[in-house]
Every structure is written in structure tokens, then in C-alpha cells.
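A.B. asks: First, the structure itself, so that you have it in front of you.
Please treat every number below as a calculation from the coordinates, not as lab data. Bear in mind the structure is a predicted one, so any value in this text is a computation, not a measurement. FYI the Cβ positions are ideal-geometry reconstructions off the backbone, even for glycines, and counts take in every protein chain you see.
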Amino acid sequence: MAFIIFLSFFIAQRLSELAIARRNEGWLQAQGAVEYGQTHYPFIVLLHASFILSMIGEYSWRGGQSLDVVFLILFLALIAAKAWVIASLGKYWNTKIFRVAGAPTVRRGLYKYVRHPNYIIVVCEFIVVPMVFHLYITAVVFSILNAAMLRIRIREENKVWEKET
């Protein structure tokens, strides 16, 4: 039962992030934003959906695992960090790469200290979320897949920002 509640919460969190991104996308487009990285974005969506399915599969295959409170607390800390990132970027936060010509680079919140804090959080999520229920295989496999995806993603995002600075 704890797994179902946790997974439902995690899925609801992801869906709320997509809703925020969609709302922000409309605003960004109204500001004349250009979207980049469209070719790899469907693979990001596939990665995240497969991640959820892998957790369900591994949890079922292993006969259910107990909840790890330490990893649950770490997960809650990651939610707080992501909320800070979303609040720091405001209407510029998105799951896609958008650039509004002439818009200043955000340098508040975690962005004062790190160039890509959202990606650091996502890296941690791919480890922490499955570990809440000791799903080691999902944590390892999807951490590797996510690293490969982020290599493409960050390279693309850095090219976009280099054009404008």
C-alpha cells in the first residue's frame, strides 16, 4: 500500500510539473521564445515514463520491498529543491528548452551557485526515488540512461545560451 501511495504521489508531482511547463510554454511562445532540442525531447518523455514502469515492474518482481525512511526524507528534500528552482525561474521554467531573445539569464535561487540545478536534482531523483523502496536495478539502469540523455540535453542547452551571450 505504501508503494502505491508513494508512486501515485510521484506521478501526480510529475504531472503537475508538466502542467506548469505547459502553462509556461504558452507564455514563452507569446514572448517570442524559440524552442530548441525538439528531436531529443520525446526521448526524455520516454525515459521518464519507462522509469515509472520500471519501478512498478521491479517492485512487483521482487515481491514488494519495504519503505526506506532515509530515502523518503531525501526525496522530500529534492521536492523542496525543485520547487525552489521552479520558483526561481518563474515563467521561464520548462521541461523543454526555450529561449526568449534578450531575456536576461536568471541568477537567483540555486542558479546563483550552479548552472544547471534542475538537472542535478533530476540526477538525484533517478537514484533516490527507486531507492525509497530498494529498487536497485531501476536506480542503476535509469541513472545510466539519464546520464546519457543529460549529456545530449545539456550540450544542446549550452549551445543555445552561448549564442546569446
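A.B. asks: Inspect the range 123-130 for any residue being surrounded by fewer than 17 Cβ atoms within 10 Å (Cβ to Cβ) and in a loop (DSSP other than H, G, I, E, B) and give the result as yes or no.
C.D. replies: Taking every residue of the range 123-130 in turn, none turns out to be surrounded by fewer than 17 Cβ atoms within 10 Å (Cβ to Cβ) and in a loop (DSSP other than H, G, I, E, B).
A.B. asks: Collect the residues in the range 77-99 that are buried (at least 17 other Cβ atoms within 10 Å of the Cβ) and in a loop (DSSP other than H, G, I, E, B), keeping them in residue-number order.
C.D. replies: Passing the criteria: 93, 94, 95.
A.B. asks: Now, a different point. Taking only the range 15-70 into account, find how many residues are over 26 Å from residue 93 (Cα atoms) and not aliphatic (A, V, I, L, M).
C.D. replies: Within the range 15-70, residues that are over 26 Å from residue 93 (Cα atoms) and not aliphatic (A, V, I, L, M) number 12.
A.B. asks: Mind listing just one residue for me: the one in the range 10-56 that is under 15 Å from the mean Cα position of the chain (by Cα) and aromatic (Phe, Trp, Tyr) and, of those, surrounded by the most Cβ atoms within 10 Å (Cβ to Cβ)? Walk me through it before giving the result.
C.D. replies: Within the range 10-56, the first condition is being under 15 Å from the mean Cα position of the chain (by Cα), and the residues that meet it are 10-22, 40-52.
From what is left, the residues that are aromatic (Phe, Trp, Tyr) are 10, 41, 43, 51.
Details: 10: 18, 41: 16, 43: 14, 51: 22.
Checked the range 10-56; the qualifying residue surrounded by the most Cβ atoms within 10 Å (Cβ to Cβ) is 51.
A.B. asks: Ok, one more. Quick test of your reading of the structure: residue 133 fulfils all but one of (1) surrounded by fewer than 16 Cβ atoms within 10 Å (Cβ to Cβ); (2) part of a loop (DSSP other than H, G, I, E, B); (3) not polar (S, T, N, Q). Name the failing condition by number.
C.D. replies: Status for residue 133: all satisfied but (1).
A.B. asks: Of the residues 115, 155, which single one is farther than 24 Å from residue 7 by Cα and in a helix (DSSP H, G or I)?
C.D. replies: Just a single option satisfies the conditions, and that option is 155.
A.B. asks: Going by what's in this entry, would residue 51 be described as assigned to a helix (DSSP H, G or I), touching a residue at least 24 places away in the same chain (Cβ under 8 Å) and either in contact with a helix residue (DSSP H, G or I) (Cβ under 9 Å, 6 or more places away or on another chain) or within 30 Å of residue 1 (Cα to Cα) (or both)?
C.D. replies: Yes: the conditions hold for residue 51.
A.B. asks: What's the number of the condition residue 66 fails, among (1) loosely packed, with under 15 Cβ neighbours inside 10 Å; (2) part of a helix (DSSP H, G or I)?
C.D. replies: (2)
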